[in-house]
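Student: If you scroll down you'll find the structure; I have some questions about it.
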Amino acid sequence: MRSERIEIVQGDITQMAVDAIVNAANSTLLGGGGVDGAIHRAAGPELLEECRGLGGCPTGQARITQGYRLAACHVIHTVGPVWRGGGRGEEQLLADCYRNCLRLAEQNGVKTIAFPSISTGAYRFPIERACRIALREVRAFLAASKVVEKAYFICFSAADLLAYQNAAAEGA
Ligand code: ADP
């Protein structure tokens, strides 16, 4: 059953036609590199305008906006932890990101959601640890949710795809 509600794919999250895509933003919510830059470029300047009004977002929390020129209706912006060796609550904060995104999705009637690999780019969270946390949190939330029906993990690289597939196969 669970495999139908979670799909791991390689691709570009800006192209996903889902109710909401998740942005791995920084705490200013004013745009950055990586997936954040790609989402802002694809959504257009209206996204930055709306983000300006949000006043930032603390690490582990999430905020929702419209999707503007994206195929997705909404963008859920979350701020992942910067990896500093693992002793500063990074794993808990990453779990908070996934949970808070899903709570916000549920509150906004989002049925389909796509996640990038939060924190594993510029923020250097080790992918093998991060994808296990991602899979665990999303699986647990979907099992209890009557609103969110399906989650996609969008892996940008083949190496990330393999890490997610291995973690999923191990039941992580
Ligand atoms: P963070 O600062 O949270 O680490 P990054 O954007 O640097 O965020 O990286 C997060 C992940 O998003 C990385 O795995 C990166 O390869 C990936 N990524 C970058 N662009 C895209 C995209 N267009 N679609 C999906 N994932 C992307």
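Student: Applying the selection to the range 1-46, what residues are closer than 11 Å to residue 77 by Cα, buried (at least 16 other Cβ atoms within 10 Å of the Cβ) and away from the ligand (no atom under 12 Å from the Cβ)?
Tutor: 20, 29, listed by residue number.
Student: Another question about this same structure. With the condition being closer than 19 Å to residue 60 by Cβ, away from the ligand (no atom under 13 Å from the Cβ) and among the acidic types (Asp, Glu), I'd like the helices (runs of 4 or more DSSP H) fully within the range 79-172 carrying at least 2 qualifying residues.
Tutor: Answer list for the range 79-172: 90-107.
Student: To continue, here is another question. How about the range 47-67: which of its residues are buried (at least 19 other Cβ atoms within 10 Å of the Cβ) and not hydrophobic (A, V, I, L, M, F, W, C)?
Tutor: Listed by number, the residues that qualify are 59, 60, 63, 65, 67.
Student: Can you tell me which of (1) under 12 Å from the mean Cα position of the chain (by Cα); (2) more than 20 Å from residue 11 (Cα to Cα) is the one residue 155 doesn't meet?
Tutor: For residue 155, the exception is condition (2).
Student: Using beta carbons and a limit of 7 Å, which pairs, at least six apart or on different chains, have the first residue in the range 100-117 and closer than 17 Å to residue 153 by Cα and the second one acidic (Asp, Glu) and part of a helix (DSSP H, G or I)?
Tutor: Every condition considered, the pairs that remain are 117/160.
Student: Which is under 14 Å from the mean Cα position of the chain (by Cα), assigned to a helix (DSSP H, G or I), within 14 Å of residue 155 (Cβ to Cβ) and at pLDDT 95 or above, of 35, 9?
Tutor: Testing whether each residue is under 14 Å from the mean Cα position of the chain (by Cα), assigned to a helix (DSSP H, G or I), within 14 Å of residue 155 (Cβ to Cβ) and at pLDDT 95 or above leaves just 35.
The values are calculated or read from the model by the stated rules, or taken from the named source; none is laboratory data. Only a predicted model underlies this, so the values are computations on that prediction, with no experimental measurement involved. Cβ atoms come from the backbone with ideal geometry, glycine included; neighbour counts cover every protein chain shown.
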